[in-house]
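The values are calculated or read from the model by the stated rules, or taken from the named source; none is laboratory data. Quantities reported herein were computed from a predicted structural model and do not represent experimental measurements. The area values use the complete protein model at the heavy-atom level, side chains included, leaving out ligands, DNA and RNA. Shrake-Rupley method; radii C 1.70, N 1.55, O 1.52, S 1.80 Å.
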Amino acid sequence: MGIDESKRATLRRFAAVGAASPLVGLADEAAGESDVPGAIGGYLTTTPGAHFSKLRDDLQLGTGEAQHHLRRLVDAGAVESYRDGDYRRFYPAGEFADLEKITLGYLRRETPRSMLVTLLRDPDADGAALADAADVSRGTISKYAAELEGVGLLSRDDGYAITQPEMVLVLVVRYADSFGDAAAALAREADALVAYDP
């Protein structure tokens, strides 16, 4: 009984967020009598780019239940998905350009997120600083740096540089609560990182 009440409370909380999102009309069409589509809409509004297992677990859904409702939301045009390596990531439909989806996918992974947050805070950070910040080896940093460069998020021509720092910063700040403590700390300092120089 406790699990059902916890699940119900979680679904209602995210459904309330979903009620204020652009997904509301399409989620309602896919909902029928269930709170699940609205909860998925609310969850994806606050956590775009979440992969299936995280969405399922955070909303306390069964695998079949999550698959069923996600499929209906995708068919209704409320949600879209993007293949990211071994993961399928979900987004509110029509909200993000392809590079933003790719960026959100990398921000959902611990090491690339650490790299991007560190470079936003310190654009001169080198491989050793990135490895220290992420608590990984330099080889791991090189691996992810090559991936980030391959998708157009990072340049390694002269050290490491985010190619579109404004876009990355906006995504980090907008969804900071879903990215963890380092992103939330960066979001609180974001105004000091942006200089307006007409």
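Backbone amide hydrogens, once placed in the peptide plane, bring ALA93 within less than 5 Å of VAL79, GLU80, excluding anything fewer than 5 places away on its chain. By definition, a body whose alpha carbon gyration tensor gives a ≥ b ≥ c is prolate when a/c is 1.5 or more and a/b is larger than b/c, and the stretch 137-195 fits this prolate description.
Where only protein heavy atoms count, and the probe is 1.4 Å, what is the accessible area per residue for the stretch 99-192 in Å²?
Values: 4560 Å² over 94 residues.
I get 49 Å² per residue for this part.
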